[in-house]
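Sharing a structure here in structure tokens format.
FYI, it's all coordinate maths here, none of it is from the lab. Just so it is clear, the structure is predicted and the values come from calculations on it, not from any experiment. Every residue, glycine among them, receives a Cβ derived from its backbone with ideal geometry; neighbour counts consider all protein chains shown.
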Amino acid sequence: MQTVTDAYAIYCADCCEVLPSLPSESIHLSCYSPPFCGLYHYSSSDRDLSNSRSKDEFMEHYGFVVEQLARVTLPGR
């Protein structure tokens, strides 16, 4: 699901799929709750960050999210 207007955009989707499609330095604010390794398990999907087999695996996967968030966020935000 997504809603995109001239004033805002709302995405409810897998961030690993959406983030790469967004232009660099185009986001003023993002709100999310990362599923920290071992704290909660949201689904049984291998794609779910909360299902990492180890802290290293989680950090590798989460590193992609952080890198993409940094890319799409406006400087200084």
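May I ask for the longest run of the chain untouched by chymotrypsin sites (Phe, Trp or Tyr not before Pro) that are loop-located per DSSP and have at most 11 neighbouring C-beta atoms (other than their own) within 10 Å?
43-77
Starting from the Cα-Cα distance between Ser44 and Leu69, subtract it from 0.36 nm times their residue separation and give me the gain in nm to one decimal.
Taking 0.36 nm per residue and subtracting the Cα distance, the gain is 6.5 nm.
In a shell of Cβ-Cβ distance under 13 Å around Cys37, excluding Cys37 itself, what net charge do Lys and Arg (+1) and Asp and Glu (-1) give?
Result for the neighbourhood of Cys37: -2.
If you don't mind, there's one more thing I want to ask. Rounded to the nearest 20 debye, what is the charge dipole size of the chain about its Cα centre when +1 sits on each Lys and Arg Cβ and -1 on each Asp and Glu Cβ?
Here the size comes out at about 160 debye.
Which one of Ser44, Ser52, Ser33 has the biggest mean-square fluctuation once the chain is modelled by GNM with Cα springs under 10 Å?
Result: Ser33 has the largest fluctuation of those listed.
I need to check one value: relative contact order of the chain, counting alpha carbon pairs closer than 8 Å and at least 6 residues apart, in percent.
34 percent
Moving to a separate point now. Once Rg and Dmax of the Cα atoms in Å is worked out from the coordinates, which option in (1) 10.8, 33; (2) 12.0, 39; (3) 13.6, 42 does it equal?
(3)
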